[in-house]
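Structure, as structure tokens:
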Amino acid sequence: MTPHIYFNSDIDSPVEWRDALATEFRAFTFSTAEAMDSPDAVDIALIWQLPPQGLKQFRNLRAILCLGAGISQLDPSLLPCHVPLARLVDDSLTRTMVDYAKTAVYRFHRAFHIFEQQSRERTWQFRPPTLTRDTSVGVLGLGEIGSSVAKALGDEGFCVHGWSRTAKQLAGINTYLGWGGLWQMLPRCKIIVNVLPLTDATRAILSSEFFSHCRDGVYLINMGRGGHLVEQDFLAALDSRRIAAATLDVASVEPLPPMDALWNRPDVLITPHVAGISIPRVAVRKVAENIRRALAGQPLLQQVDLARGY
Ligand SMILES: NC(=O)c1ccc[n+]([C@@H]2O[C@H](COP(=O)([O-])OP(=O)(O)OC[C@H]3O[C@@H](n4cnc5c(N)ncnc54)[C@H](OP(=O)(O)O)[C@@H]3O)[C@@H](O)[C@H]2O)c1
């Protein structure tokens, strides 16, 4: 069958995706909102965000393939509930997320955040390095990305703890579940890495209650979503030194507005939502597999459970 694909994204290149799909399908149609002549022919929506009018015009849709690992940018009330929705996690995304997490963790572990400051102040002050096994890292979320991050940090010798909704067994990782498990885990962590999905249960999780369970001088790395962080509580925790420093890759409003108080903090490093990315020429294999599955009426890979929210 020839796939008829509708593409919609403000952040992904339609040209790169069309070229990548051409390596997988000899024949296919590829339309964007600007060039859409027969919506009834469309069977696959390949999207980062929904178009303003939603997807109702595509009456014969067989699958919605989100270009992101998270789906919190999609308003569930605008999704046709009879059409399966899949998210996208592929080797390129996982690899870039793991690289980011390792870079951010090492920056704190080797005190580069302090040397950056000292360097600006022309200060030569020795700080002895410590062994990775003496730095404990807590990973929030042990899904496709979180489990890879936890394993990679464990392979580097860090003492790794991980938190999930359901029980997990990961070699060399101390795992915890539920709120009771989280409150047990937090005081054990010097660095916390958030890779949770944004759901009703995890929204605003990085709050004053959360920080009250952390040890003094904890480091926070938020690679999940901006909606996880309660900014006022976070700023108060920085001021009280409960949080020593943080790396934020995501913000509740993106781009982070120029007047936002976070920009003024020397103890906060902001990166512009670059932690992980699916590279089309690599990720197309996962997308093509889901297109073939959708056209054959088979269950999708990485299908989202909308009731659960991820
Ligand atoms: N910054 C970036 O560039 C970037 C890029 C990609 C993704 N992300 C973020 O990373 C997130 C995770 O992606 P993923 O592919 O790893 O997702 P995933 O495979 O769906 O895994 C989600 C993990 O979070 C856990 N979880 C969900 N709700 C929870 C709750 N209420 N309490 C405790 N644990 C909970 C899940 O627990 P169970 O295992 O028990 O279900 C699972 O371990 C995305 O949703 C997105 O927010 C960010």
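The values are calculated or read from the model by the stated rules, or taken from the named source; none is laboratory data. Since the structure is predicted, the reported quantities are computational estimates derived from the model, not experimental observations. Cβ placement follows ideal geometry from the backbone for every residue including glycine, while neighbour counts extend to all protein chains displayed.
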- Which residues, counting only those in region 141-194, are more than 22 Å from R87 (Cα to Cα), part of a helix (DSSP H, G or I) and in contact (Cβ under 8 Å) with a residue 24 or more places away in the chain? A152, L153, L182, W183, M185, L186, P187, R188
- Item | Failed item, numbered, when A294 is tested on (1) more than 25 Å from Y106 (Cβ to Cβ); (2) without any contact (Cβ under 8 Å) to a residue 60 or more places away in the chain; (3) away from the ligand (no atom under 14 Å from the Cβ) | (2)
- Residue by residue through region 12-39, note down the ones that are touching a residue at least 40 places away in the same chain (Cβ under 8 Å), under 14 Å from L67 (Cβ atoms) and not acidic (D, E). S13, W17, A20, L21
- Task: Test P280 against the criterion of being closer than 30 Å to T23 by Cβ, out of contact with any helix residue (DSSP H, G or I) (no Cβ under 6 Å at 6 or more places or on another chain) and either among the small types (G, A, S) or at pLDDT 95 or above (or both), and give yes or no.
- Result: no
- Note on the structure: When every residue in region 103-153 that is surrounded by fewer than 18 Cβ atoms within 10 Å (Cβ to Cβ) and basic (K, R) is compared, the one farthest from the ligand (Cβ to nearest atom) is R122
- Message: Looking only at region 154-176, count every residue that is surrounded by fewer than 17 Cβ atoms within 10 Å (Cβ to Cβ) and either of a type in the set (A, V, I, L, M) or on the phi > 0 side of the Ramachandran plot (or both) and tell me the total.
- Response: 4
- Task: Considering only residues that are closer than 19 Å to L74 by Cβ and touching a residue at least 40 places away in the same chain (Cβ under 8 Å), look in region 1-10 and name the one that is surrounded by the fewest Cβ atoms within 10 Å (Cβ to Cβ).
- Result: S9
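Here is a yes/no grid of residues against (1) over 19 Å from the mean Cα position of the chain (by Cα); (2) more than 13 Å from the ligand (Cβ to nearest atom):
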| site | (1), (2) |
| --- | --- |
| E156 | yes, yes |
| T175 | yes, no |
| G178 | yes, no |
| G181 | yes, no |
| P187 | yes, yes |
| L196 | no, no |
| A204 | no, no |
| E209 | yes, yes |
| D216 | yes, yes |
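Per-residue answers, yes or no, for (1) at pLDDT 95 or above; (2) part of a helix (DSSP H, G or I); (3) exposed (fewer than 14 other Cβ atoms within 10 Å of the Cβ); (4) within 16 Å of the ligand (Cβ to nearest atom):
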residue	(1), (2), (3), (4)
M259	yes, no, yes, no
P266	yes, no, yes, no
K286	yes, yes, no, yes
Y310	yes, no, no, yes
